[in-house]
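First up is the structure itself, then whatever we jot down about it.
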Amino acid sequence: MGGIIDKLGTKIGYTISIEIWSIFGMLHAVIRPAFSLIGFILARFGLGIGESGNFPSAIKTVAEWFPKKDRAFATGIFDASTSVGAILAPFIVEAIVTVEGHNWQIPFLFTGALSSVWVVLWWKSYRKPELYPKLLKAELAYKNSDSEEETVYKIP
């Protein structure tokens with residue numbers, strides 16, 4: 001996914017990544033016993049492919065929007081939010097899924113639906129700083145205050 005993000009850009013790459021993650025996450029809910037092992041393997045594989053684009057996209061977004069001196073703090077915020085999700089998930093799943101295992105599909109559908117909403121919000125709102133119409137010139141200058149020109153050649 002990192003290569004796709006680099007090739008297509010942060011906006012498109014992250015959108016593709018989260019769409020894949022959402023679709024394959026929701027596919028967990030439709031796996032039935034006759035297709036369980038193969039279906040589960042395919043759903044987990046697709047989920048992993050989609051998820052693998054999350055951190056490269058987030059890191060690249062931080063690099064596009066923050067000067068180097070502020071990137072550690074910005075990265076810490078999005079990284080901490082993943083930990084909050086991991087802490088809250090068991091409590092939410094426990095409230096939805098019964099002891100007998102009924103409703104186990106709902107958490108997969110719920111996270112997939114939330115991710116789909118996130119994709120729409122991301123697609124409508126995200127732009128590189130240079131293209132963002134409401135960004136003040138002083139803000140753009142601050143963002144670029146410790147940046148170097150990007151090279152056009154590939155680094156092995």
- When the residues of segment 78-121 are filtered to those that are surrounded by 15 or more Cβ atoms within 10 Å (Cβ to Cβ), among the β-branched types (Val, Ile, Thr) and in contact (Cβ under 8 Å) with a residue 40 or more places away in the chain, which remaining residue is nearest to Tyr132 (Cα to Cα)? Val119
- Query: If a residue has to be in contact with a Leu (Cβ under 7 Å, 6 or more places away or on another chain) and either over 12 Å from Gly53 (Cβ atoms) or not in a helix (DSSP H, G or I) (or both) to count, how many in segment 14-33 make the cut?
  - Reply: 4
- Message: Suppose we keep only residues that are of a type in the set (Phe, Trp, Tyr) and over 15 Å from Glu19 (Cα atoms) within segment 29-54. Which one would you say is modelled with the highest pLDDT?
- Response: Phe40
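Among the residues of segment 56-77, write down those that are among the aromatic types (Phe, Trp, Tyr), surrounded by 15 or more Cβ atoms within 10 Å (Cβ to Cβ) and not in a loop (DSSP other than H, G, I, E, B).
Taking segment 56-77 and keeping what is among the aromatic types (Phe, Trp, Tyr), we get 65-66, 73.
Next cut, surrounded by 15 or more Cβ atoms within 10 Å (Cβ to Cβ) only: 65-66.
Trp65 - this is the single residue of segment 56-77 that is among the aromatic types (Phe, Trp, Tyr), surrounded by 15 or more Cβ atoms within 10 Å (Cβ to Cβ) and not in a loop (DSSP other than H, G, I, E, B).
Among what's in segment 33-70 and is of a type in the set (A, V, I, L, M) and more than 28 Å from Lys11 (Cβ to Cβ), pick the residue that is farthest from the chain's Cα centre (by Cα). Can you show your working first?
Step one: list which residues in segment 33-70 are of a type in the set (A, V, I, L, M), which gives 34, 37-38, 41-43, 47, 49, 58-59, 62-63.
After this cut, where a residue has to be more than 28 Å from Lys11 (Cβ to Cβ) as well, the list is 34, 37-38, 41.
Numbers: Ala34: 32, Leu37: 27, Ile38: 26, Ile41: 21 Å.
Checked segment 33-70; the qualifying residue farthest from the chain's Cα centre (by Cα) is Ala34.
The values are calculated or read from the model by the stated rules, or taken from the named source; none is laboratory data. Treat the numbers as computed from the prediction; the structure is a model and nothing was measured. Here the Cβ is made from the backbone with ideal geometry for all residues, glycine too, and neighbour counts use every protein chain on show.
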